[in-house]
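None of the figures in this text is laboratory data; all of them are computed from the coordinates on show. Bear in mind the structure is a predicted one, so any value in this text is a computation, not a measurement. Here the Cβ positions follow ideal geometry from the backbone for every residue, glycine too, while neighbour counts run over all protein chains shown.
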Amino acid sequence: MKNALYNTGYFLKEAKNIIRLNWLSNIFSFISTGLILFILAMVVFGWGVSNLLVEMLQDEAEISAYLDGNTDIQQAAGLVETIKGIDGVWDVRLVDQTEAYGRMEEILGEEARVLELFEENPFEAFIEVRIHPDELEPALEKVGSLKGIGHIKENREVLGRIQSITEGLKNLGYLVMAAVGISTMVIISHMIRQGIYNNRVQIDTLRLLGAPGSFIGFPFVLVGLLLTLGGGVLASALIVLLINRGYGYISGLMPFIPLPPVGELVSGIIILIVAVSVVLGILGSLFGLSSTKNT
Amino acid sequence: MIEAKGVSLRYPDGTLALKGIDLEVKPGELVYITGPSGSGKTSLLKVIMAMEYPTSGSLKVLWQPVTKGQTGRINQMRRRIGPVFQEFKLIRGRTVLENVMMGMRFLEVSPRQMKENAGSAIARLGLAHKTHSSVENLSWGEAQRAAIARAVARKPVIILADEPTGNLDHANALNILELLTSFRDKNTAVIITTHATHLIEKQNNATFIRMDGGNITIERRGKANEECLV
């Protein structure tokens with residue numbers, strides 16, 4: 001341990017020499033590792049967004065109960081009171097026509113000009129009901145059976161679709177994770193083997209001088225670690241760029257989709273990518289070293 | 001410190017390099033291994049360094065048996081030997097100081113001690129002015145002295161030099177032999193292989209191992225060398 005500390009400078013210098021001896025291949029390995037990790041980061045990002053989206057939508061399990069044609073606004077107020085008494089309902093509001101129009105204006109933003117084409121307010125008054133997700137099913141049935149309620153709009157279908165997308169992304173994520181792991185390990189172990197070949201005279205000399213395997217191998221582990229860590233940093237930088245640009249684009253294009261907070265998502269992905277790159281770097285180097293042990 | 005009993009070495013291609021060798025080297029002994037090319041000198045050094053393993057017989061180096069598969073023990077043993085290889089095996093792209101220090105980095109030596117040992121070995125071998133020169137810029141003789149500095153800076157108990165006089169003229173060869181033998185003391189044995197017997201025939205305080213076709217004859221000369229055997 002003491003020796004390892006004394007030799008930190010030596011190990012770093014050796015790692016630099018190993019990289020320098022095969023400069024171009026190492027640069028390409030760094031770039032390809034970065035791109036592979038970037039693919040992983042994108043899948044994790046998609047996975048994370050859809051997961052958070054499902055969570056947010058589930059938290060906001062909400063139905064809109066539209067009144068039938070014969071129900072006036074006083075009766076609607078009575079219905080609100082009735083719905084409040086149903087199990088699982090935690091908030092009920094009557095949204096009149098004017099508020100419904102205002103909401104749509106807000107959602108459409110600059111595109112709200114299209115609403116001016118209507119001579120009359122095209123939106124109906126409705127009752128907005130927020131329900132605990134676990135009790136959505138029975139509450140829905142009870143609200144639907146009330147006299148004066150025409151039809152109900154709920155987000156279960158959307159939720160189901162997003163959930164299936166999340167499931168798909170999750171499976172794709174596992175596949176990408178396996179592909180990233182294997183390909184990164186193969187790249188790194190190949191680079192380590194090449195490094196060992198280029199430094200075979202030095203390794204042979206150190207062996208004859210009695211250097212332990214850990215002393216000889218440590219600079220190679222460092223090389224693997226530096227290559228993948230560099231790749232991880234590159235992937236993180238690319239994904240941060242992509243998220244920052246993509247968020248602005250998506251929220252401009254589809255303002256009604258509630259996107260999760262960007263900072264939280266980015267820091268989570270960066271931590272994951274850096275951790276994965278460290279683990280893969282060490283494993284790849286050890287794999288490379290072990291495959292050349294007896295040569 | 002070295003004890004060989006009936007050691008034979010046969011290479012995978014069938015060549016018999018050593019034939020049932022019996023040998024004993026004690027602390028402080030100066031040993032010359034002589035013989036023509038292909039007589040088994042380098043094979044004997046390889047066996048002592050555990051670069052090859054005896055195909056029969058038993059060998060102990062530093063009182064430890066040399067057997068295949070004992071990597072940890074072999075490494076321990078090698079750390080107490082100062083080898084000077086025929087082709088020097090200096091690491092290219094590194095300075096003389098870095099090469100000398102490389103042989104000590106994994107020993108239980110503090111960085112200060114390591115630098116001191118390296119500095120004094122380099123100075124003793126007359127290379128102080130080349131301390132920070134890259135080994136590619138050294139002449140043949142300087143490279144050889146750098147390799148010796150790396151071997152002796154480790155304070156080994158056995159110094160093994162393989163053909164250190166090869167490719168040198170008479171005067172320089174004598175200088176190198178003198179330099180190597182100067183590291184011999186009561187604890188440190190020096191073993192040198194050479195085919196230049198004319199350089200050492202007047203030595204009267206050493207052990208001579210003559211090798212021929214894998215067989216050996218041993219002659220011990222001088223009181224001091226006999227005393228170290230006691």
| query | By its C-alpha gyration tensor, with a ≥ b ≥ c as the square roots of the eigenvalues, how is region A:8-51 shaped: rounded for a/c under 1.5, else prolate for a/b larger than b/c, else oblate? | reply | oblate
| said: I need the shape label for region B:92-151. Rule: rounded when a/c is under 1.5, else prolate if a/b > b/c, else oblate, with a, b, c from the alpha carbon gyration tensor. | reply: prolate
| request: Divide by every residue of chain B the summed helix terms, -39500 (n - 2.57) for each DSSP H run of at least 4, and state the resulting mean residue ellipticity at 222 nm, rounded to the nearest 500 deg cm²/dmol. | output: -8500 deg cm²/dmol
| note | Two pseudo-spin positions, 7 Å from Cα along C-beta at A:Leu175 and at A:Tyr101, lie apart in nanometres by 5.0
| task | Can you work out the PRE-style zone for B:Arg92? Point 7 Å along Cα to Cβ, and I want the residues of region A:178-219 with backbone N under 14 Å. | result | A:197-203
| field | Computed label-point distance, nm, for sites A:Asn198 and A:Ser64 using a 7 Å Cα→Cβ extension | value | 6.4
| Using a Förster distance of 22 Å, the FRET efficiency for A:Ser164-A:Ile39 (Cβ separation, nearest 0.05) | 0.50
| Cβ neighbours within 10 Å from other chains - mean over A:201-208 | 6
| query | GluC sites (Glu not before Pro), restricted to region B:100-206: which are DSSP loop and have at most 10 other Cβ atoms within 10 Å? | reply | B:Glu108
| task | Give, as ranges by residue number, the residues of region A:21-58 whose backbone N falls under 12 Å from the point 7 Å along Cα→Cβ of A:Leu241. | result | A:35
| Among B:Thr165, B:Thr67, which comes first, second and so on when ranked by fewest other beta-carbon atoms within 10 Å? | B:Thr67, B:Thr165
| message | Nothing charged except the Cβ atoms of Lys and Arg (+1) and of Asp and Glu (-1): what's the magnitude of the dipole of region A:130-198 about its Cα centre? Round to the nearest 20 debye. | response | 200
| task | Identify the residues of region A:95-126 with backbone N under 15 Å of a label point that sits 7 angstrom from the Cα of A:Val80 along the Cα-to-Cβ direction, or state none. | result | A:95-100, A:125-126
| note | Computed over region A:38-193, the distribution of all Cα-Cα distances in 10 Å bins, rounded to whole %, is 10, 26, 24, 18, 10, 6, 4, 1, 0
| At 222 nm, what helix-only mean residue ellipticity would chain A give, in deg cm²/dmol to the nearest 500, using -39500 (n - 2.57) for each DSSP H run of four or more? | -25000 deg cm²/dmol
| field | Highest-fluctuation residue, B:Gly213, B:Gly35, B:Gly69 considered, GNM on chain B with Cα pairs under 10 Å | value | B:Gly69
| remark: Non-local residues with an amide H under 5 Å from the amide H of B:Ile192, with H modelled 1.01 Å from N and Pro and chain starts lacking one, are B:Val31, B:Tyr32, B:Ile33, B:Ala161
| Once phi is turned into θ = phi - 60°, what whole-Hz ³J(HN,Hα) does the Karplus curve with 6.51, -1.76 and 1.60 give for every residue of region B:88-95, x standing for Gly and Pro? | 6, 6, 7, 8, 5, x, 10, 7
| task | With θ set to phi - 60°, apply the Karplus curve 6.51 cos²θ - 1.76 cosθ + 1.60 along region A:21-38 and write out the HN-Hα couplings as whole Hz, x wherever there is a Gly or Pro. | result | 5, 9, 3, 5, 4, 5, 5, 5, 5, 4, 5, 5, 4, x, 5, 5, 5, 5
| query | Over all pairs of distinct alpha carbons, what does the Kirkwood formula give as the hydrodynamic radius of the protein assembly as shown, in Å? | reply | 29.7
